[in-house]
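Just below is one structure, and these are the notes that go with it.
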Amino acid sequence: MVKEIERAGIPIVQMCNLIPVAMTVGTNKIVPTISIPYPLGDPQTPKEVQWKLRYHRVGIALDALTADIDEQTVFKVKI
Amino acid sequence: MKKAIHYINQFFAGIGGEEKADHKPEIREGLVGPAMALNEVLDAQVTHTVICGDNFMGSNTDEAVEMILGFLEDKEFDIFIAGPAFQAGRYGIACGTIAKAVKEKFGVPVLTSMHIENPGVEMFKKDMPIFKGGKSAAKLKDDVKAMADYANKILNGEKTLPAAEEGFYDRGIRAQVWLESGKTGAQRGVEMLIKKLAGEEFISELPIPEKDLVAIAPPIKDLSKSKIALITTGGIVPVANPDRIQSASATRWGRYDISKMDRLKAGEYKTIHAGFDPAAADADPNVVMPVDAMKEYLKEGKIGALHDYFYSTVGTGTTQAEAARMGKEIVVKLKEDNVDAVIMTST
């Protein structure tokens, strides 16, 4: 799915937990998430903590869309 | 008698389904679940079963591998067998990950089995024989037997055949053998050439694998003037699931209007994905489809516009062919609305 969208010339970033799968499939821009059932907010943590994490990682994903890369890249997250 | 150790996930160990997928690694003496079937057909005693939750292995890979290698340190074993994992993606990756680590640390032969659509095949087929397995556990007996037949050859020091004849995926390894036909490479090459010139079919001895990499799309220049769209394979849909998207092996997708809301509300949206515990996503769908964060970035002006719809399907068990088709259909909609870039979340 990622590849078909990128093939159409639309930049796409995939946010996912299983980075090696995204690499193997051929996703070019990858931002890591924290888990499979809750990619962007651990329900064990307070709502504010979840929000901070989600806001941060989505922000990284947006910035990744502007990044000029020449190979598959996993973007670094801080929280 | 030689000894074997078997790796299975929490589901096949009877511990539980998705709600137990965070189960930490453990080792049990004797046979658990599919290890019984394996023990029956293997020319070795399966002495231990290693069990690990698929999500634990996926999200805490280093810790899981380290723990399991620790369990095995004082064990004697001649072969390590993982799975079969069928079409279960995380299980397949777990089998490949641990088998590869065991092979590297202990130098024993390792084997597993997966369906061709399992992403673990592409990731690990070079590292170990991965037998061509069935889609689901209905094929458990056959898949275990296929691994055991080959394992028995290794255990008994018998000659093994090329991948295609043994029934595992090509590993890209070339072994030098004497052909019974006695024909030299030159003779075989000329024979192939003649067939080719005559328009007849021939089988190359050097197949070139196709790699389908997509050119990196040009980056967005100015986010504040761009329209971004959201897609998820995490199965987030309105609670009634109006497009009746399947919970696994999806062939359908849907798009849902988010233009008049700040976030996805629990009770209005939920996940129908059958591949993970839905509790967290149902309690707050934004943890899978971050509409709230995107709306905030829209308010702040970091992005120029958010496409009115988010797109959703289910990624578990979905074939690459179906995923590609759905991707192409979604592209048409994105282009109609001049979407500049996409964020996709996957579970």
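The values are calculated or read from the model by the stated rules, or taken from the named source; none is laboratory data. Keep in mind it's a predicted model, so treat the numbers as computed, not measured. So basically every Cβ, Gly included, is an ideal-geometry build from the backbone, and we count neighbours across all protein chains shown.
List of remarks:
- Residue tally, condition within 14 Å of chain A (Cβ to nearest Cβ), in contact (Cβ under 8 Å) with a residue 40 or more places away in the chain and part of a loop (DSSP other than H, G, I, E, B), over the range B:29-80: 1
- A:Met15 meets all of the listed conditions (1) surrounded by fewer than 21 Cβ atoms within 10 Å (Cβ to Cβ); (2) under 20 Å from B:Ala341 (Cα atoms) but one, namely (1).
- Checked against (1) facing chain B (nearest Cβ under 7 Å); (2) buried (at least 24 other Cβ atoms within 10 Å of the Cβ), A:Lys3 meets all criteria but (2).
- Some residue of the range B:322-329 being surrounded by 18 or more Cβ atoms within 10 Å (Cβ to Cβ), aliphatic (A, V, I, L, M), farther than 16 Å from A:Val58 by Cβ and modelled with pLDDT under 95: yes
- Residues in the range A:6-21 that are at the interface with chain B (Cβ under 7 Å from one of its Cβ atoms) and under 11 Å from the mean Cα position of the chain (by Cα): A:Ile12, A:Val13, A:Gln14, A:Met15, A:Cys16, A:Asn17, A:Leu18.
- Test for A:Thr24: is it in contact (Cβ under 8 Å) with a residue 40 or more places away in the chain and either more than 7 Å from chain B (Cβ to nearest Cβ) or closer than 22 Å to B:Gly317 by Cα (or both): no
- Restricted to the range A:63-76, and to residues there that are in contact with a helix residue (DSSP H, G or I) (Cβ under 9 Å, 6 or more places away or on another chain) and touching a residue at least 40 places away in the same chain (Cβ under 8 Å), the residue that is nearest to the other protein chains (Cβ to nearest Cβ) is A:Leu65.
- Taken together, the residues in the range B:117-175 that are without any contact (Cβ under 8 Å) to a residue 24 or more places away in the chain and within 14 Å of chain A (Cβ to nearest Cβ) amount to 1.
- Looking across the range B:209-249, the residues that are of a type in the set (Lys, Arg) and in contact with an Asp or Glu (Cβ under 9 Å, 6 or more places away or on another chain) come down to B:Lys225, B:Lys227.
So that you can scan it fast, the table gives a plain yes or no per residue for (1) in contact with a Ser or Thr (Cβ under 9 Å, 6 or more places away or on another chain); (2) within 11 Å of chain A (Cβ to nearest Cβ); (3) modelled with pLDDT under 95:
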residue	(1), (2), (3)
B:Ala248	yes, no, yes
B:Trp253	yes, yes, no
B:Met261	no, no, no
B:Ile272	yes, no, no
B:Ala279	no, yes, no
B:Thr316	yes, yes, yes
B:Thr345	yes, yes, no
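- Single condition B:Lys302 does not satisfy, out of (1) of a type outside the set (A, V, I, L, M, F, W, C); (2) assigned to a helix (DSSP H, G or I); (3) surrounded by fewer than 23 Cβ atoms within 10 Å (Cβ to Cβ); (4) touching a Leu at 6+ places or on another chain (Cβ under 7 Å): (2)
- For the range B:19-41, a residue qualifies if it is in contact with a helix residue (DSSP H, G or I) (Cβ under 7 Å, 6 or more places away or on another chain), closer than 14 Å to B:Tyr7 by Cβ and crowded, with 21+ Cβ neighbours inside 10 Å, and the qualifying residues are B:Pro25, B:Pro34, B:Leu38.
- Verdict on B:Lys2 being under 17 Å from B:Asp127 (Cα atoms) and either away from chain A (no Cβ under 14 Å) or surrounded by fewer than 19 Cβ atoms within 10 Å (Cβ to Cβ) (or both): no
- The range B:56-86, subset among the polar types (S, T, N, Q) and either touching a Ser or Thr at 6+ places or on another chain (Cβ under 7 Å) or at positive phi (or both), residue surrounded by the fewest Cβ atoms within 10 Å (Cβ to Cβ): B:Thr61
- Screening B:Leu298 on (1) at the interface with chain A (Cβ under 7 Å from one of its Cβ atoms); (2) under 26 Å from A:Pro43 (Cβ atoms); (3) aliphatic (A, V, I, L, M) shows it passes everything except condition (1).
- Evaluating B:Ala321 against the criteria (1) among the aliphatic types (A, V, I, L, M); (2) facing chain A (nearest Cβ under 9 Å); (3) more than 24 Å from B:Asn55 (Cβ to Cβ) leaves one unmet condition, (2).
- Of all residues making up the range B:324-343, the number that are within 22 Å of A:Thr66 (Cβ to Cβ) and away from chain A (no Cβ under 11 Å): 1
- The lone criterion from (1) over 17 Å from the mean Cα position of the chain (by Cα); (2) more than 14 Å from chain A (Cβ to nearest Cβ) left unmet by B:Ala101 is number (2).
- Meets criteria (within 7 Å of chain B (Cβ to nearest Cβ) and touching a helix residue (DSSP H, G or I) at 6+ places or on another chain (Cβ under 9 Å)) for A:Pro32: no
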